[in-house]
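Here is the structure we will look at, set down as C-alpha cells.
The values are calculated or read from the model by the stated rules, or taken from the named source; none is laboratory data. Since the model is a prediction, treat every value here as computed from it, not as a measurement. So basically every Cβ, Gly included, is an ideal-geometry build from the backbone, and we count neighbours across all protein chains shown. Heads up: the accessible areas ignore ligands, DNA and RNA and are worked out on the full protein's heavy atoms, side chains in. Shrake-Rupley method; radii C 1.70, N 1.55, O 1.52, S 1.80 Å.
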Amino acid sequence: MCGIAGILGQAGNHCFIEPALKALRERGPDGTFVFRDGPLSFGSTRLTIVDPHEGVPPFHSNDDRWVVFGAGEIYNALELRVELEQMGCSFRSRCDLEVVAHGMAVWGESVISRLEGMFALAIWDCENEKLLLARDPLGMKPLYWARLGDAFIFASEVRALHAGGLPVRPNLSALAGYFALRYLRSTDSPFEGVHSLPGASLLLVARGKAGEISSFPHAFSRSRPFTGAITAASLCEIASGATLRCLRADVPKGLYLSGGIDSWMLSRFVADAGERLPAYTLDFAGTLGEGTAAEAIAREHGHLHRRLAWQDDWLNRLPGLVERLEWPVGDLLIVAFDALAETARADGVKVVLSGEGPDEWFGGYGFQRALAWAGQIERFGGPRAVAAMAPCVRFGGAVIDRFAGLGQALGQSGRAHVQRWLQAWPTASAEDRLHGLRRLFSEEALSSLLQSGESPPLQTAAHALSPACARLLAAGTPLTQVAFEDQLEQWIPQWAIGRQEKIAMARGLEVRWPFLQGELAATGRVATAQRRLNKRDWREAARSLGWRAHKRPKQAFALPACQMVRSPVFRDLAHAYLSTGAIRRRNWYAPEAVAKLADKALSGDFLAAKQWAALLILEIWIETNSNKIRSFLG
C-alpha cells in the first residue's frame, strides 16, 4: 500500500515527480522510489505491509519489459503467484504487486481481470513506451490524472498533482450534485482539468496523449452472475475466504467493530482464522452507543477491545479533514474515522479490517426497503396507491422511523421529506424515485436556500444516473436492482469508502473491507432481484454460526447529528464559515434561510442538522481551496 505519481511526455519531468511524491509521503512514510525511462518518470511512496525487506518497488517482469508501481493490495496474489511460477516466472519478493509485472508478461492486460483486491496501478511498457493505468472494480483506491502543458500526469491524490505544478482551479459547477446526496459522482470533478479514473477502468497513454478509457471484466460485473445456491453455508464460505485473504500482512493488524451483525461475522471469521486482534469502536452516549455491544462481540471471540468515547472537541479537526478528503463529503462522522485511525496507528497497527458490505449487498438500508415496499404497492395498486400511503407519515412515531430505517426520530422536516417522496411517486421520474428519499435538499428546499436573484453554480440538486444505470431503467429493470448497481458505481467508492480511505492513509493506516468483494456482491445481486431484502440471507448465515438476534436488537448505526451541531465547537465553526457576514461575502445563500435551518437543527430536527453540517463542510472546502489559489498565485 502506498501512493503513486508520474509524468509522461515532458523534458525535465523531475520537476513534477519529486514534489508530487513528497505530497504523498503520508500515504507512504516508509520510503520513496522513482523509476525513469525516456519520457517517463513515475514512482511511489511506500507503506510497508507485505515483505518489508524484499518487497521494494518498482517491480519488473523477468524480461524487463514491464515495470509496475501500485497502490493497494492484491488479495489473491499468492494464488496468482503459484500459476505464474508454474509457467516459468521467477519472483524476487513476496510482494503482491510483483504478480502484476509477471502477469503482464504472461497474460497481457487480461491479468487485471484476474486481480482481486483494491488497487491503483501504473504499468510501463519499456518496449513500446506506453503507460497503462488501472483502477480496481469498486474504485477503492483513488487515481487522478490531468494535463500539464504537453505532458500527462497522474497521482493517488489531487494534492500531488497540484504540488507538481498543476494550477488549483475549483470547478464549482460540479458541486451541484453535493446537495443531492452529500457526495459527488466520480465523474464530477471539483477541480478543473482533474479527472478521476473510474473503477474497473483502464487508460492507455502513449507519447503523453491519453487514449479512450476502457473497462475490464471483473467479479462485480453483471456479466459474471452468481450461479450457485444462496445458502447459509455458501455465504459463510465466501465471506470467510475473503476475510482470510484480507488477513495476509506482515505487520500488526486490527479490527473496526460496531455492535451489529456485520461486525459479529467479521470478528468470528478473524477468530476462526486463529487471529486475536485489537478491536476499536467509536461509542456515542445514550441509545446510539455501540461500545457495550461491540465489547461483548470482541470478548466472545477473544479480541482485545478499545472503546473510544465521542469527544466534541474532535470537531476541531474538521477543516483539516475536509482538506485531506479533497472532494467534499458532507458527513461529520469523518472526524470519528480520523480518531479511530489515530488510535489504531498509535498502537502500532498498520492494517485494520472493517465490516462494510452486507448492508449494500443484502438490502440492509432503509431506502432499499422503502423502494421495494413502494414497488410492491405499485405492482398491486398502481402509482396512486403509493401516493395514498403519504398520509400515514403524519402519524410519525416508531412506525415511520422504522420505515425510513434511520434508527432515530426523523424530525418534522424528515417526515415531510418522506411524505413528499410518496406523494410525488405517480409523476416522479425514475431518478427522483430512486434518489428522492436519500436526497439531502429537495429542489424546493434548495431554491429557498439559494440567494434570490443570484446565479451561483449550484442551481440544481439533481443527481444524474450513470449511463449504465440509465440503460437499466430504460429496459424496465426494477428500481431496487438499479439502486444496487448505482451503489456499486457511486455510493460505495464516493461515500462508504470515500469517507475513510484518505483519512486512514493520512495516518499511515490501511483499511481493508473483506465483505466488499466480488463474489459476495454477485450473491447480493441475485438476492436483490428476488426481493430478499433486510439482510435475510446474511442473517441466516450468521445464525448458522451461532449469532442470535436476541443478543442485540436491530439498530442502524446513526450519527447523533443533533447532539453534534449543538456543541460549542461546531457552533464556533458555523459562526466562522456560515455567519451572516461570511454568507454575504459568498453571496450564494439567503442569510435568513441559513439562520432558519440552524434554528431547526438546534431544536433537534435530524434532517436540518445533517443539512447544516453539510453546508458547513462545503463552505470549509471552498474556503480551503480559495486559500490554495491565493497561495499558488503567490
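Using the Cα atoms of segment 340-384 to build a convex hull, what is its mean projected area in square nanometres?
Numbers: hull surface 18.1 nm².
Taking the Cα atoms of segment 340-384, their convex hull projects to 4.5 nm² on average.
Let me see the P(r) profile for segment 112-166: every Cα-Cα distance counted, bins of 5 Å, each bin given as a percent of all pairs.
4, 18, 23, 22, 19, 10, 4, 0
Given segment 42-186, report the % of alpha carbon pairs whose separation exceeds 22 Å.
Every Cα pair in segment 42-186 considered, those over 22 Å come to 45 percent.
May I ask for the Rg/Rh ratio of the chain, computed from Cα atoms with Rh as the Kirkwood radius, given to two decimals? Intermediate values should be presented prior to the final figure.
On the way: Rg = 24.2 Å, Rh = 25.4 Å.
Ratio of gyration radius to Kirkwood radius: 0.95.
Please enumerate, by chain and number, the aspartates and glutamates with C-alpha under 14 Å from the C-alpha of LYS596, excluding those fewer than 8 residues away in the same chain.
LYS596 reaches ASP605.
What does the convex hull of the Cα atoms come to per residue for segment 5-84, in Å³? Intermediate results must be reported in sequence, preceding the final value.
Values: hull volume 8.0 nm³, N = 80.
In segment 5-84, the Cα hull volume divided by residue count equals 100 Å³.
Sorted from largest to smallest, which semi-axis lengths in Å does the alpha carbon gyration tensor of segment 472-627 give for its equivalent ellipsoid, taking the root of 5 times each eigenvalue? Mind dumping the intermediate values first?
Working: eigenvalues 284, 79, 69 Å².
One finds semi-axes of 38, 20, 19 Å for segment 472-627.
For segment 55-164, what % of the accessible area comes from carbon and sulfur atoms, probe 1.4 Å?
Working: 1520 of 3330 Å².
Heavy-atom surface of segment 55-164 belonging to carbon and sulfur, 1.4 Å probe: 45 percent.
If I take the Cα coordinates of segment 251-385 and project them onto the principal axes, what are the three extents in Å, biggest first?
58, 41, 30
Grab every C-alpha pair in segment 108-210, bin the distances at 5 angstrom width from 0 up to the longest one, and report whole percents.
All Cα pairs, binned at 5 Å, distribute as 2, 12, 21, 22, 20, 13, 7, 3, 1, 0 percent.
For segment 90-135, compute Rg over Rh where Rg is the Cα radius of gyration and Rh is the Kirkwood radius from the inverse mean 1/r over Cα pairs. Please report the intermediate quantities before stating the final value.
Numbers: Rg = 10.6 Å, Rh = 11.3 Å.
Here Rg/Rh amounts to 0.94.
Using the Cβ atoms and a cut-off under 10 Å, what net charge is assigned to the surroundings of GLU79, where Lys and Arg are +1 and Asp and Glu are -1?
Details: positive: ARG81, ARG114, ARG245; negative: GLU83, GLU116.
Taking every Cβ under 10 Å from that of GLU79, the sum is +1.
Which aspartates and glutamates have a Cα lying under 15 Å from the Cα of LYS600, excluding residues fewer than 8 positions away in the same chain?
Within the straight-line limit of under 15 Å, LYS600 reaches these aspartates and glutamates: GLU592.
Compute for segment 207-301: radius of gyration divided by Kirkwood radius, i.e. Rg/Rh, restricted to C-alpha atoms, rounded to two decimals. Please list the in-between numbers first.
Values: Rg = 18.7 Å, Rh = 16.4 Å.
Radius of gyration relative to Kirkwood radius: 1.14.
Report the extension gain between ARG169 and TRP107 in nm, rounded to one decimal, defined as 0.36 nm multiplied by the number of residues separating them, less their alpha carbon distance. Could the numbers behind the result be given before it?
On the way: separation 62, 0.36 × 62 = 22.32 nm, distance 4.05 nm.
Additional length available on full extension: 18.3 nm.
In whole Hz, what ³J(HN,Hα) sequence does segment 165-180 give by Karplus (6.51, -1.76, 1.60; θ = phi - 60°), x for Gly and Pro?
Running phi through 6.51 cos²θ - 1.76 cosθ + 1.60 with θ = phi - 60° gives x, 6, x, 8, 9, x, 9, 5, 5, 6, 7, 4, x, 4, 6, 8 Hz.
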